[in-house]
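Below: the structure, in C-alpha coordinates.
The values are calculated or read from the model by the stated rules, or taken from the named source; none is laboratory data. Since the model is a prediction, treat every value here as computed from it, not as a measurement. Here Cβ is always computed from backbone atoms with ideal geometry, including for glycine, and neighbour counts include all displayed protein chains. Each accessible area value is taken on the protein alone, full model and side chains, heavy atoms only, with ligands, DNA and RNA left out. Shrake-Rupley method; radii C 1.70, N 1.55, O 1.52, S 1.80 Å.
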Amino acid sequence: MSQKNYHIETLAIHAGQVPDPTTLSRAVPVYRTTAFAFKSSQHGADLFALRESGNIYARLMNPTEDVLEKRLAALEGGKAALALSSGTAAIYFTITNIAKQGDEIVAANNLYGGTFTQFDAILPQQGIKVNFTPVNDFPAVEAAINGKTRAIYIETVGNPGLDIADIENYAAIAKKHHLPLIVDSTFTPPTLLRPIEHGANIVVHSLSKWIGGHGTAIGGAVIDAGNFDWTDPKFALYNEPDRGYHGLRFAHDLGPGNEIAFALRLRTVGLRNQGPTLAPDACWLFLQGLESLALRTAKHSENGLAVAEFLKNHPKVAWVKYPGFNPLASKYLPNGANGMVVFGIKGGAKEAQHLVDNVDLFTIIANVGDAKSLIIHPASTTHSQLSEEDQIKAGLPPELIRLSIGLENKDDIITALDDALKLI
Ligand SMILES: *Cc1c(COP(=O)(O)O)cnc(C)c1O
(Lines give C-alpha, C1' and ligand atoms only; values in the text may rest on other atoms or scores of the structure.)
Protein backbone atom coordinates (compact mmCIF):
# COMPACT_ATOMS: atom_id res chain seq x y z
CA MET A 1 0.00 0.00 0.00
CA SER A 2 1.20 3.56 -0.65
CA GLN A 3 2.48 5.61 2.24
CA LYS A 4 -0.52 7.99 2.28
CA ASN A 5 -1.87 8.98 5.67
CA TYR A 6 -5.05 6.98 5.46
CA HIS A 7 -7.60 7.10 8.26
CA ILE A 8 -7.90 4.21 10.68
CA GLU A 9 -10.98 2.65 9.01
CA THR A 10 -9.01 2.45 5.76
CA LEU A 11 -5.90 1.04 7.42
CA ALA A 12 -8.01 -1.64 9.12
CA ILE A 13 -8.96 -2.94 5.66
CA HIS A 14 -5.83 -2.34 3.60
CA ALA A 15 -2.66 -1.92 5.67
CA GLY A 16 0.00 -4.54 5.12
CA GLN A 17 -1.56 -6.13 2.02
CA VAL A 18 -1.49 -5.90 -1.74
CA PRO A 19 -3.23 -8.52 -3.91
CA ASP A 20 -1.08 -11.64 -3.82
CA PRO A 21 1.60 -11.05 -6.51
CA THR A 22 1.56 -14.64 -7.81
CA THR A 23 -2.15 -15.50 -7.83
CA LEU A 24 -3.68 -11.97 -7.65
CA SER A 25 -5.91 -13.28 -4.89
CA ARG A 26 -7.71 -10.24 -3.41
CA ALA A 27 -8.31 -11.69 0.06
CA VAL A 28 -5.24 -12.52 2.15
CA PRO A 29 -4.34 -16.15 1.37
CA VAL A 30 -3.84 -18.62 4.23
CA TYR A 31 -0.32 -19.96 3.78
CA ARG A 32 -0.57 -23.44 5.27
CA THR A 33 3.07 -24.38 5.13
CA THR A 34 5.63 -25.29 7.72
CA ALA A 35 8.70 -24.03 5.87
CA PHE A 36 9.86 -21.92 2.92
CA ALA A 37 12.40 -22.89 0.26
CA PHE A 38 15.72 -21.06 -0.01
CA LYS A 39 16.72 -19.92 -3.52
CA SER A 40 20.30 -21.04 -2.89
CA SER A 41 22.55 -21.97 -0.01
CA GLN A 42 23.76 -18.35 0.07
CA HIS A 43 20.16 -17.12 0.36
CA GLY A 44 19.61 -19.52 3.27
CA ALA A 45 22.84 -18.40 4.94
CA ASP A 46 21.89 -14.71 4.61
CA LEU A 47 18.45 -15.31 6.12
CA PHE A 48 19.88 -17.25 9.05
CA ALA A 49 22.48 -14.57 9.77
CA LEU A 50 19.75 -11.83 9.69
CA ARG A 51 21.61 -10.18 6.75
CA GLU A 52 18.43 -10.43 4.73
CA SER A 53 14.84 -10.69 5.94
CA GLY A 54 12.52 -13.36 4.59
CA ASN A 55 10.58 -16.49 5.40
CA ILE A 56 12.49 -19.43 6.86
CA TYR A 57 10.21 -21.56 8.99
CA ALA A 58 6.63 -20.84 10.06
CA ARG A 59 7.41 -20.90 13.78
CA LEU A 60 9.11 -17.53 13.16
CA MET A 61 6.95 -15.97 10.45
CA ASN A 62 4.38 -16.73 7.79
CA PRO A 63 3.01 -14.46 5.01
CA THR A 64 -0.55 -14.57 6.42
CA GLU A 65 0.80 -13.59 9.83
CA ASP A 66 2.97 -10.91 8.22
CA VAL A 67 -0.12 -9.08 6.88
CA LEU A 68 -1.79 -9.26 10.30
CA GLU A 69 1.35 -7.94 12.00
CA LYS A 70 1.85 -5.06 9.55
CA ARG A 71 -1.82 -4.13 9.83
CA LEU A 72 -1.76 -4.12 13.64
CA ALA A 73 1.43 -2.02 13.64
CA ALA A 74 -0.21 0.50 11.28
CA LEU A 75 -3.42 0.65 13.33
CA GLU A 76 -1.57 1.24 16.60
CA GLY A 77 0.94 3.67 15.06
CA GLY A 78 3.83 1.34 15.92
CA LYS A 79 6.97 0.39 13.96
CA ALA A 80 6.63 -3.40 14.18
CA ALA A 81 4.27 -6.04 15.53
CA LEU A 82 4.28 -9.74 16.33
CA ALA A 83 1.34 -12.11 16.51
CA LEU A 84 1.50 -14.80 19.19
CA SER A 85 -0.56 -17.82 20.15
CA SER A 86 -2.68 -16.00 22.79
CA GLY A 87 -2.96 -12.72 24.63
CA THR A 88 -1.50 -14.49 27.65
CA ALA A 89 1.55 -15.56 25.61
CA ALA A 90 1.91 -12.02 24.22
CA ILE A 91 2.12 -10.68 27.77
CA TYR A 92 4.46 -13.39 29.07
CA PHE A 93 6.90 -13.09 26.15
CA THR A 94 6.82 -9.28 26.37
CA ILE A 95 7.87 -9.34 30.02
CA THR A 96 10.54 -12.01 29.53
CA ASN A 97 11.86 -10.09 26.49
CA ILE A 98 12.79 -7.28 28.94
CA ALA A 99 13.22 -8.73 32.42
CA LYS A 100 15.36 -11.62 33.64
CA GLN A 101 16.05 -13.27 36.96
CA GLY A 102 16.59 -10.60 39.63
CA ASP A 103 14.68 -7.89 37.76
CA GLU A 104 11.39 -6.33 38.79
CA ILE A 105 8.25 -4.93 37.13
CA VAL A 106 5.81 -2.35 38.48
CA ALA A 107 2.22 -3.18 37.51
CA ALA A 108 -1.26 -1.83 38.20
CA ASN A 109 -3.23 -4.11 40.53
CA ASN A 110 -6.49 -4.15 38.51
CA LEU A 111 -5.25 -6.53 35.82
CA TYR A 112 -7.10 -9.23 33.90
CA GLY A 113 -7.26 -12.30 36.19
CA GLY A 114 -4.97 -14.49 34.07
CA THR A 115 -2.36 -11.73 33.86
CA PHE A 116 -2.56 -11.11 37.59
CA THR A 117 -1.87 -14.80 38.28
CA GLN A 118 0.99 -14.86 35.75
CA PHE A 119 2.57 -11.85 37.46
CA ASP A 120 1.77 -12.89 41.01
CA ALA A 121 2.52 -16.63 40.85
CA ILE A 122 4.47 -17.55 37.69
CA LEU A 123 7.00 -14.75 37.10
CA PRO A 124 8.28 -14.93 40.72
CA GLN A 125 9.14 -18.63 40.13
CA GLN A 126 11.47 -17.36 37.42
CA GLY A 127 13.03 -14.73 39.66
CA ILE A 128 11.04 -11.77 38.30
CA LYS A 129 9.24 -9.85 41.03
CA VAL A 130 6.15 -7.79 40.27
CA ASN A 131 5.23 -4.86 42.52
CA PHE A 132 1.51 -4.12 42.25
CA THR A 133 0.21 -0.60 42.84
CA PRO A 134 -3.37 0.74 42.80
CA VAL A 135 -4.32 2.05 39.36
CA ASN A 136 -3.62 5.79 38.93
CA ASP A 137 -1.89 6.02 42.34
CA PHE A 138 1.19 7.79 40.96
CA PRO A 139 3.04 8.35 44.28
CA ALA A 140 2.72 4.57 44.83
CA VAL A 141 4.15 3.90 41.34
CA GLU A 142 7.13 6.19 42.05
CA ALA A 143 7.66 4.51 45.42
CA ALA A 144 7.59 1.01 43.84
CA ILE A 145 10.32 1.83 41.28
CA ASN A 146 13.86 0.91 42.30
CA GLY A 147 17.20 0.07 40.66
CA LYS A 148 15.92 -3.38 39.62
CA THR A 149 12.76 -2.14 37.89
CA ARG A 150 12.68 -2.84 34.14
CA ALA A 151 9.14 -1.88 33.03
CA ILE A 152 5.78 -0.43 34.04
CA TYR A 153 2.69 -2.44 33.06
CA ILE A 154 -0.94 -1.24 32.89
CA GLU A 155 -4.27 -1.98 31.18
CA THR A 156 -6.14 0.84 29.44
CA VAL A 157 -9.45 -0.21 31.00
CA GLY A 158 -9.33 -2.54 34.00
CA ASN A 159 -11.67 -5.42 34.61
CA PRO A 160 -14.18 -5.62 36.32
CA GLY A 161 -13.88 -2.09 37.78
CA LEU A 162 -13.70 -0.60 34.25
CA ASP A 163 -11.42 2.21 35.51
CA ILE A 164 -9.43 4.09 32.86
CA ALA A 165 -5.65 4.29 33.37
CA ASP A 166 -4.25 7.80 32.97
CA ILE A 167 -1.71 6.62 30.39
CA GLU A 168 0.04 9.98 29.99
CA ASN A 169 0.85 10.17 33.71
CA TYR A 170 2.23 6.63 33.61
CA ALA A 171 4.24 7.52 30.49
CA ALA A 172 5.76 10.56 32.21
CA ILE A 173 6.93 8.46 35.17
CA ALA A 174 8.25 5.74 32.85
CA LYS A 175 10.20 8.33 30.87
CA LYS A 176 11.64 9.96 34.00
CA HIS A 177 13.03 6.58 35.16
CA HIS A 178 13.90 5.43 31.63
CA LEU A 179 11.57 2.43 31.72
CA PRO A 180 9.35 1.10 28.92
CA LEU A 181 5.61 1.56 29.49
CA ILE A 182 3.72 -1.59 28.43
CA VAL A 183 -0.03 -1.14 27.88
CA ASP A 184 -2.58 -3.95 27.48
CA SER A 185 -5.16 -2.32 25.20
CA THR A 186 -7.43 -5.35 24.71
CA PHE A 187 -10.52 -3.53 26.04
CA THR A 188 -9.83 -0.53 23.79
CA PRO A 189 -8.98 -1.62 20.21
CA PRO A 190 -7.07 0.94 18.11
CA THR A 191 -10.25 2.34 16.55
CA LEU A 192 -11.08 3.62 20.07
CA LEU A 193 -7.68 4.29 21.69
CA ARG A 194 -4.07 4.27 20.50
CA PRO A 195 -1.82 4.12 23.59
CA ILE A 196 1.35 4.98 21.62
CA GLU A 197 -0.09 8.46 20.95
CA HIS A 198 -0.23 8.89 24.73
CA GLY A 199 3.35 7.79 25.35
CA ALA A 200 3.26 3.97 25.50
CA ASN A 201 6.33 2.10 24.26
CA ILE A 202 4.81 -1.37 23.85
CA VAL A 203 1.15 -2.31 23.31
CA VAL A 204 -0.16 -5.82 23.91
CA HIS A 205 -3.50 -7.27 22.81
CA SER A 206 -5.59 -10.33 23.25
CA LEU A 207 -6.88 -10.70 19.69
CA SER A 208 -9.41 -13.19 21.08
CA LYS A 209 -11.77 -10.37 22.13
CA TRP A 210 -12.91 -7.37 20.01
CA ILE A 211 -10.23 -7.61 17.31
CA GLY A 212 -11.33 -11.11 16.33
CA GLY A 213 -14.76 -9.96 17.38
CA HIS A 214 -16.76 -13.14 16.86
CA GLY A 215 -15.49 -15.48 19.57
CA THR A 216 -13.85 -17.82 17.07
CA ALA A 217 -10.09 -17.91 17.84
CA ILE A 218 -7.48 -17.34 20.53
CA GLY A 219 -4.53 -15.11 19.68
CA GLY A 220 -2.35 -12.28 20.90
CA ALA A 221 -0.19 -9.49 19.56
CA VAL A 222 2.63 -7.21 20.65
CA ILE A 223 3.23 -3.84 18.98
CA ASP A 224 6.60 -2.12 19.31
CA ALA A 225 6.33 1.68 19.08
CA GLY A 226 10.01 1.82 18.15
CA ASN A 227 10.40 4.78 20.53
CA PHE A 228 12.47 3.28 23.34
CA ASP A 229 16.26 3.42 23.70
CA TRP A 230 17.49 0.00 24.87
CA THR A 231 21.20 0.96 25.09
CA ASP A 232 20.95 1.64 28.83
CA PRO A 233 23.13 -1.15 30.35
CA LYS A 234 20.42 -2.01 32.90
CA PHE A 235 18.64 -3.79 30.02
CA ALA A 236 21.10 -6.68 30.03
CA LEU A 237 19.19 -8.69 27.38
CA TYR A 238 19.87 -5.88 24.87
CA ASN A 239 23.40 -4.94 25.83
CA GLU A 240 25.14 -8.21 26.61
CA PRO A 241 26.26 -10.42 23.69
CA ASP A 242 23.60 -13.02 22.76
CA ARG A 243 24.98 -16.56 22.61
CA GLY A 244 22.24 -17.64 20.18
CA TYR A 245 23.45 -15.11 17.57
CA HIS A 246 27.26 -15.21 17.76
CA GLY A 247 27.49 -12.45 20.35
CA LEU A 248 25.01 -10.02 18.75
CA ARG A 249 23.95 -7.15 21.05
CA PHE A 250 20.34 -6.32 20.18
CA ALA A 251 20.50 -2.64 21.21
CA HIS A 252 23.65 -1.97 19.16
CA ASP A 253 24.29 -4.32 16.25
CA LEU A 254 21.08 -4.28 14.18
CA GLY A 255 21.80 -1.09 12.22
CA PRO A 256 18.48 0.58 11.39
CA GLY A 257 16.82 -2.35 13.22
CA ASN A 258 18.12 -1.02 16.57
CA GLU A 259 14.97 1.11 16.66
CA ILE A 260 12.82 -2.04 16.80
CA ALA A 261 15.29 -4.08 18.84
CA PHE A 262 12.44 -5.14 21.14
CA ALA A 263 10.36 -6.62 18.29
CA LEU A 264 13.37 -8.21 16.59
CA ARG A 265 14.49 -9.84 19.81
CA LEU A 266 10.96 -11.07 20.52
CA ARG A 267 10.88 -12.80 17.13
CA THR A 268 14.41 -14.14 17.05
CA VAL A 269 14.56 -15.25 20.69
CA GLY A 270 10.98 -15.57 22.00
CA LEU A 271 9.29 -16.98 18.92
CA ARG A 272 12.31 -18.79 17.53
CA ASN A 273 13.46 -20.52 20.71
CA GLN A 274 10.33 -20.70 22.86
CA GLY A 275 7.71 -21.17 20.15
CA PRO A 276 4.39 -19.38 20.97
CA THR A 277 3.42 -19.24 17.27
CA LEU A 278 -0.04 -18.22 16.02
CA ALA A 279 -1.40 -20.56 13.32
CA PRO A 280 -2.09 -19.00 9.87
CA ASP A 281 -5.79 -19.96 9.98
CA ALA A 282 -6.19 -17.95 13.20
CA CYS A 283 -4.28 -15.04 11.63
CA TRP A 284 -6.82 -15.08 8.82
CA LEU A 285 -9.76 -14.93 11.26
CA PHE A 286 -8.20 -11.92 12.98
CA LEU A 287 -7.63 -10.18 9.62
CA GLN A 288 -11.28 -10.77 8.82
CA GLY A 289 -12.18 -9.26 12.20
CA LEU A 290 -10.02 -6.20 11.59
CA GLU A 291 -11.85 -5.37 8.35
CA SER A 292 -15.03 -4.55 10.30
CA LEU A 293 -13.35 -3.36 13.54
CA ALA A 294 -14.23 0.32 13.15
CA LEU A 295 -17.89 -0.46 12.44
CA ARG A 296 -18.07 -2.94 15.28
CA THR A 297 -16.41 -0.80 17.97
CA ALA A 298 -18.76 2.07 17.05
CA LYS A 299 -21.76 -0.24 17.46
CA HIS A 300 -20.43 -1.89 20.66
CA SER A 301 -19.94 1.63 22.05
CA GLU A 302 -23.41 2.82 21.03
CA ASN A 303 -25.06 -0.28 22.51
CA GLY A 304 -22.86 -0.25 25.64
CA LEU A 305 -23.75 3.36 26.41
CA ALA A 306 -27.47 2.74 25.84
CA VAL A 307 -27.44 -0.27 28.20
CA ALA A 308 -25.42 1.62 30.84
CA GLU A 309 -27.89 4.52 30.73
CA PHE A 310 -30.88 2.19 30.91
CA LEU A 311 -29.44 0.42 33.97
CA LYS A 312 -28.46 3.70 35.69
CA ASN A 313 -32.10 4.72 35.75
CA HIS A 314 -33.51 1.33 36.75
CA PRO A 315 -35.03 1.09 40.27
CA LYS A 316 -33.70 -2.45 40.84
CA VAL A 317 -30.11 -1.45 40.04
CA ALA A 318 -27.86 -0.12 42.84
CA TRP A 319 -24.97 1.19 40.75
CA VAL A 320 -23.49 1.07 37.22
CA LYS A 321 -19.93 1.33 35.90
CA TYR A 322 -19.24 2.19 32.29
CA PRO A 323 -15.91 3.60 31.03
CA GLY A 324 -17.86 6.28 29.15
CA PHE A 325 -19.05 7.71 32.53
CA ASN A 326 -15.43 8.20 33.69
CA PRO A 327 -14.12 11.81 33.49
CA LEU A 328 -11.00 10.47 31.70
CA ALA A 329 -13.17 9.18 28.83
CA SER A 330 -13.25 12.56 27.05
CA LYS A 331 -9.45 12.45 26.82
CA TYR A 332 -8.81 8.77 26.11
CA LEU A 333 -12.05 7.47 24.56
CA PRO A 334 -13.50 10.29 22.43
CA ASN A 335 -14.75 7.82 19.79
CA GLY A 336 -16.69 5.58 22.16
CA ALA A 337 -16.13 3.53 25.29
CA ASN A 338 -16.85 0.04 23.87
CA GLY A 339 -19.34 -2.51 25.17
CA MET A 340 -18.34 -3.44 28.72
CA VAL A 341 -20.89 -2.60 31.42
CA VAL A 342 -20.73 -3.68 35.06
CA PHE A 343 -23.56 -3.15 37.53
CA GLY A 344 -24.74 -4.04 41.00
CA ILE A 345 -28.23 -5.38 41.44
CA LYS A 346 -30.10 -4.35 44.60
CA GLY A 347 -29.81 -7.35 46.94
CA GLY A 348 -26.87 -9.71 46.61
CA ALA A 349 -25.56 -12.89 45.04
CA LYS A 350 -29.00 -14.54 45.01
CA GLU A 351 -30.62 -11.74 43.01
CA ALA A 352 -27.59 -11.49 40.70
CA GLN A 353 -27.66 -15.22 39.89
CA HIS A 354 -31.42 -15.09 39.43
CA LEU A 355 -31.01 -12.35 36.81
CA VAL A 356 -28.20 -14.21 35.02
CA ASP A 357 -30.27 -17.40 34.90
CA ASN A 358 -33.40 -15.70 33.58
CA VAL A 359 -32.15 -13.20 31.04
CA ASP A 360 -33.00 -13.88 27.42
CA LEU A 361 -30.57 -13.29 24.53
CA PHE A 362 -27.41 -13.15 26.69
CA THR A 363 -25.09 -16.16 26.97
CA ILE A 364 -23.58 -16.99 30.38
CA ILE A 365 -19.91 -17.11 29.56
CA ALA A 366 -16.41 -16.21 30.84
CA ASN A 367 -15.47 -14.19 27.77
CA VAL A 368 -15.83 -10.65 26.44
CA GLY A 369 -15.73 -8.91 23.07
CA ASP A 370 -18.03 -11.17 21.05
CA ALA A 371 -20.66 -10.03 18.53
CA LYS A 372 -23.10 -11.75 20.90
CA SER A 373 -24.08 -10.20 24.23
CA LEU A 374 -22.52 -12.03 27.18
CA ILE A 375 -23.24 -12.07 30.92
CA ILE A 376 -21.53 -13.43 34.00
CA HIS A 377 -21.76 -13.29 37.80
CA PRO A 378 -18.02 -13.23 38.65
CA ALA A 379 -18.41 -13.90 42.38
CA SER A 380 -19.87 -17.39 41.78
CA THR A 381 -17.72 -18.27 38.73
CA THR A 382 -14.43 -16.63 37.67
CA HIS A 383 -13.60 -15.42 41.20
CA SER A 384 -15.33 -18.12 43.26
CA GLN A 385 -11.99 -19.34 44.64
CA LEU A 386 -11.71 -16.09 46.65
CA SER A 387 -13.43 -15.60 50.01
CA GLU A 388 -16.25 -13.03 50.04
CA GLU A 389 -13.92 -10.65 51.89
CA ASP A 390 -11.18 -11.02 49.23
CA GLN A 391 -13.77 -10.65 46.48
CA ILE A 392 -14.84 -7.31 47.94
CA LYS A 393 -11.17 -6.24 48.21
CA ALA A 394 -10.74 -7.16 44.53
CA GLY A 395 -13.69 -4.88 43.69
CA LEU A 396 -16.13 -7.76 43.21
CA PRO A 397 -19.08 -7.41 45.59
CA PRO A 398 -21.63 -10.27 45.47
CA GLU A 399 -24.23 -8.14 43.65
CA LEU A 400 -21.89 -7.42 40.69
CA ILE A 401 -22.89 -8.57 37.20
CA ARG A 402 -20.61 -8.12 34.19
CA LEU A 403 -22.00 -7.57 30.70
CA SER A 404 -20.18 -7.60 27.38
CA ILE A 405 -22.67 -5.91 25.09
CA GLY A 406 -22.77 -7.30 21.56
CA LEU A 407 -23.93 -6.07 18.19
CA GLU A 408 -27.61 -7.03 18.42
CA ASN A 409 -30.32 -4.36 18.15
CA LYS A 410 -30.03 -2.30 21.35
CA ASP A 411 -33.78 -2.32 22.01
CA ASP A 412 -33.72 -6.14 22.04
CA ILE A 413 -30.79 -6.14 24.49
CA ILE A 414 -32.49 -3.64 26.80
CA THR A 415 -35.83 -5.48 26.64
CA ALA A 416 -34.08 -8.73 27.60
CA LEU A 417 -32.50 -7.06 30.66
CA ASP A 418 -35.74 -5.25 31.57
CA ASP A 419 -37.78 -8.46 31.42
CA ALA A 420 -35.27 -10.30 33.62
CA LEU A 421 -35.16 -7.41 36.13
CA LYS A 422 -38.96 -7.53 36.39
CA LEU A 423 -38.70 -11.14 37.66
CA ILE A 424 -36.58 -10.10 40.65
C1 LIG B 1 -8.51 -12.04 27.50
C2 LIG B 1 -7.50 -11.09 27.99
C3 LIG B 1 -6.15 -11.45 28.09
C4 LIG B 1 -5.67 -12.84 27.77
O5 LIG B 1 -5.83 -13.12 26.42
P6 LIG B 1 -6.03 -14.64 25.83
O7 LIG B 1 -6.07 -14.42 24.38
O8 LIG B 1 -7.30 -15.16 26.42
O9 LIG B 1 -4.84 -15.42 26.30
C10 LIG B 1 -5.26 -10.50 28.52
N11 LIG B 1 -5.65 -9.25 28.85
C12 LIG B 1 -6.94 -8.87 28.77
C13 LIG B 1 -7.31 -7.48 29.16
C14 LIG B 1 -7.91 -9.76 28.35
O15 LIG B 1 -9.20 -9.39 28.27
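Listed values, structure above:
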quantity	calculated
Criterion: under 16 Å from the mean Cα position of the chain (by Cα), within 25 Å of Leu237 (Cβ to Cβ) and not assigned by TED's automatic domain parsing to the domain that holds Phe343 - qualifying residue of Pro124, Pro195	Pro195
Tally, over the stretch 87-136, of residues that are away from the ligand (no atom under 14 Å from the Cβ), among the hydroxyl-bearing types (Ser, Thr, Tyr) and within 21 Å of Asn159 (Cβ to Cβ)	1
Meets criteria (surrounded by fewer than 20 Cβ atoms within 10 Å (Cβ to Cβ), free of Cβ contacts under 8 Å to residues at least 12 places away in the same chain and either in contact with a Phe, Trp or Tyr (Cβ under 9 Å, 6 or more places away or on another chain) or of a type in the set (Ser, Thr, Tyr) (or both)) for Asp253	yes
Single residue of Pro233, Pro241, Pro256 found to be touching a helix residue (DSSP H, G or I) at 6+ places or on another chain (Cβ under 7 Å) and either in the same structural domain as Tyr153 (by TED's automatic domain parsing) or farther than 14 Å from Arg150 by Cβ (or both)	Pro233
So Ala108, is it open to solvent by 10 Å² or more (accessible area, probe 1.4 Å), modelled with pLDDT of 95 or more, assigned by TED's automatic domain parsing to the domain that holds Phe228 and in contact with a strand residue (DSSP E or B) (Cβ under 8 Å, 6 or more places away or on another chain)	no
Criterion (open to solvent by less than 60 Å² (accessible area, probe 1.4 Å), outside the structural domain of Leu82 (by TED's automatic domain parsing) and either closer than 26 Å to Tyr6 by Cβ or touching a Ser or Thr at 6+ places or on another chain (Cβ under 8 Å) (or both)) met by exactly one of Gly336, Gly348, Gly304, Gly270	Gly336
Qualifying residue in the stretch 199-207 (condition: more than 16 Å from the ligand (Cβ to nearest atom) and open to solvent by less than 20 Å² (accessible area, probe 1.4 Å))	yes
Residue identified as touching a strand residue (DSSP E or B) at 6+ places or on another chain (Cβ under 9 Å), surrounded by fewer than 24 Cβ atoms within 10 Å (Cβ to Cβ) and not acidic (Asp, Glu) among Gly226, Gly247, Gly219	Gly226
Residue within the stretch 154-161 that is crowded, with 18+ Cβ neighbours inside 10 Å, among the polar types (S, T, N, Q), within 16 Å of the ligand (Cβ to nearest atom) and closer than 19 Å to Val222 by Cα present	yes
Which listed residue is in contact with a Phe, Trp or Tyr (Cβ under 7 Å, 6 or more places away or on another chain) and among the aliphatic types (A, V, I, L, M), from Ala35, Ala27	Ala35
Filter result for Gly270 (farther than 23 Å from Gly369 by Cα, outside any strand (DSSP E or B), within 16 Å of the ligand (Cβ to nearest atom) and touching a residue at least 40 places away in the same chain (Cβ under 8 Å))	yes
